[in-house]
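The values are calculated or read from the model by the stated rules, or taken from the named source; none is laboratory data. Treat the numbers as computed from the prediction; the structure is a model and nothing was measured. Cβ: placed from backbone, ideal geometry, glycine included. Neighbour counts: every protein chain shown. Please note that ligands, DNA and RNA were not included when accessible areas were found on the heavy atoms of the full protein model with its side chains. Shrake-Rupley method; radii C 1.70, N 1.55, O 1.52, S 1.80 Å.
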Amino acid sequence: MTRVREAMVVAGGAGSRLRPLTAAIPKPLLPFCGAPFLEGVVLRLAAIGVERVLLVVGAHTAPFEAFADRFDDRGVRVEIVPEPQPLDTAGGVRSALDRVTGTFLVLNGDILTDVDLAAAVAFHHEVAADATLVLTRVEDTSTFGVCVRDGDRITAFVEKPAPGTLPGQDAVNAGTYVLEPDALVGFPEGRLSFERTVFPGLVEDGAAVHGWVGDGVWADLGTPERFLAGQRMALAGALRWPSLDAFARDGDGVFTDGEVLVDPAARLRGPLLLQAGVRVGQGAHVGPHVVLGPGVQVGAGVRLRDSLVMDRSVLEDGVDADGLLAGSAVRIGRGVRIGREVVLGDGEHVAPGGTLAPGTRQPAPDA
């Protein structure tokens, strides 16, 4: 099988729906099951032979440059493609076309998927496509753009068709593409959309645009609830996510990294992940579907479910939380009750004894 040696990952999204977590960390670099989410994306590409990954990011490149350094000795080179001005979904890819040497992959940097990339590449070469879109089937097409196919060749795109109006057409764009460089050279540089301009233009011009339907997981992580849903899937093994391979796992589904200190009277309910330096106090109930970052401290009697708590944060005695996203160095006071989809930014302090209503964001994103 012909390999693809280069890939571009579009990772410039603002992550506004996950604020305030993304006020300091770009959305693709948020910790996901023990490592930046993008690390899992890059490692999946490396596993199929990709040797060079270009990250198409916004104007603020420093966090991504630090991320790229993580791969210096891991068999894949990560490079940065900055977008000083937003260029839509395809403009950044088009701007870096001179940096690829042949068939290449394009992925969205905030989509959780275990789609078989090697099989998609093999299909692309088998049908001699100019562009191959990885597709996923949905039950309700009314909130998606449907790729209308004749066999596996895409002949049209229909935006949000009402149920039943396109019989047999239930495949939508999953945000992963296999492309030939020549497919993009005819489009001008600048703002450019794959969905609105590139792919419809290629179909209109008679290019070989094909759809390959993948059966893997496909999930957008762009909201607190979707982020937690993706974390649940990865922890539970609904897909294999590379970052979890670095952790030891016991028979109860508890992943650990380095030394953790769990009181004998605490209860851990897997699947969950405890990173180095985590401490869990007497009588605490943690899990399922919880990730605790390095150095997190969980006090006595805490109840914590379906949550991400990032490094160096502290949950004092008696905290009760379900569906919490907490940033770095957060401190939650004794006895606080926390509803679902509460998002706490880095360094936030919550006073003892209070209640945070579902959906609370602290500080507020517009603050």
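Structure above, values below:
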{"item": "Tensor-based shape of region 1-105 (alpha-carbon gyration tensor, a/c under 1.5 rounded, otherwise prolate or oblate)", "result": "oblate"}
{"item": "Solvent-accessible surface (1.4 angstrom probe) belonging to SER16, in square angstrom, nearest 10", "result": "80 Å²"}
{"item": "GLU189-ARG74 FRET efficiency (beta carbon distance; Förster radius 35 Å; 0.05 resolution)", "result": "0.65"}
{"item": "Gain in span if fully extended, ARG240 to ARG269, counting 0.36 nm per residue against the direct Cα distance", "result": "8.4 nm"}
{"item": "Peptides 283-296, 222-235 ordered by average Cβ neighbours within 10 Å, highest first", "result": "283-296, 222-235"}
{"item": "For the chain, accessible area per residue (1.4 Å probe, heavy atoms of protein chains only), Å²", "result": "42 Å²"}
{"item": "Accessible carbon and sulfur surface of the chain relative to its total accessible area, %, 1.4 Å", "result": "48 percent"}
{"item": "Leading residue at positive end of dipole, the chain (Cβ point charges), from ALA156, LEU97, VAL217", "result": "VAL217"}
{"item": "Förster radius 35 Å - calculated FRET efficiency between ARG153 and ALA66 (Cβ-Cβ, nearest 0.05)", "result": "0.25"}
{"item": "Distance from region 347-367 to region 65-113 (C-alpha centre basis), Å", "result": "35 Å"}
{"item": "Answer label, with Rg and Dmax of the Cα atoms in Å calculated from the coordinates and candidates (1) 23.6, 95; (2) 19.0, 59; (3) 21.8, 68", "result": "(3)"}
{"item": "Alpha-carbon centroid distance for the pair region 185-200 / region 270-322, whole angstrom", "result": "46 Å"}
{"item": "Net lengthening on full extension, ALA119/GLN169 (0.36 nm per residue, minus Cα-Cα)", "result": "15.8 nm"}
